[in-house]
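Worksheet for the structure shown next.
The values are calculated or read from the model by the stated rules, or taken from the named source; none is laboratory data. Note that the coordinates shown come from a computational prediction; the quantities given were computed from them, not determined experimentally. Every residue, glycine as well, gets a Cβ built from its backbone with ideal geometry; the counts of neighbours run over all protein chains shown.
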């Protein structure tokens, strides 16, 4: 974080860890955002500095920050995967290096892989749809710039 205008947003609980690893000149630019189990998405962090806790950092943190700072948000690279392939996370990322590194997590955190990823992907798709709908109802224009298997992104796709 050498650029003095950059700010790092993270979950509130991670602030001490990030402040430890960034340089001393950047410690004051690590901003923690709280989250809780709420039924609605907060798309304006200037009114309440807390987000809805979801299972995905994109819906829990990235999109709320984006919707807070801009009334027009373009989304790139959220391709997802076909529902039939939703058997394990990132299985659609067939890069040898990435999947090779994931083999370590199979050995070290074997219970992580014993989850229902099809259900988790459906849940993610529902969260994406809800937060995008909330943003648009609040006057934010959301456009997806790359094709996606995630239905909410797919219907907003414009090349």
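Each row is one residue, and each column tells you yes or no for (1) under 30 Å from residue 138 (Cβ atoms); (2) at pLDDT below 70; (3) surrounded by 15 or more Cβ atoms within 10 Å (Cβ to Cβ).
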{"position": "46", "(1), (2), (3)": "yes, no, no"}
{"position": "54", "(1), (2), (3)": "yes, no, yes"}
{"position": "65", "(1), (2), (3)": "yes, no, yes"}
{"position": "73", "(1), (2), (3)": "yes, no, yes"}
{"position": "112", "(1), (2), (3)": "no, yes, no"}
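Note on segment 6-29: residues that are more than 19 Å from residue 45 (Cα to Cα) and either crowded, with 16+ Cβ neighbours inside 10 Å or more than 21 Å from the chain's Cα centre (by Cα) (or both) total 10. Of the residues making up segment 129-153, those that are over 17 Å from the mean Cα position of the chain (by Cα) and either assigned to a helix (DSSP H, G or I) or closer than 19 Å to residue 61 by Cβ (or both) are 136, 137, 138, 140. For residue 34, state whether it is under 16 Å from the mean Cα position of the chain (by Cα), more than 18 Å from residue 138 (Cα to Cα) and assigned to a loop (DSSP other than H, G, I, E, B). Judged against the criteria, residue 34 is not a match.
Checking each residue in segment 114-159 for being in contact with a strand residue (DSSP E or B) (Cβ under 7 Å, 6 or more places away or on another chain), surrounded by fewer than 17 Cβ atoms within 10 Å (Cβ to Cβ), in contact (Cβ under 8 Å) with a residue 60 or more places away in the chain and farther than 14 Å from residue 77 by Cα picks out only 141.
Every condition in (1) in contact (Cβ under 8 Å) with a residue 12 or more places away in the chain; (2) more than 20 Å from residue 131 (Cβ to Cβ) holds for residue 46 except the one numbered (2).
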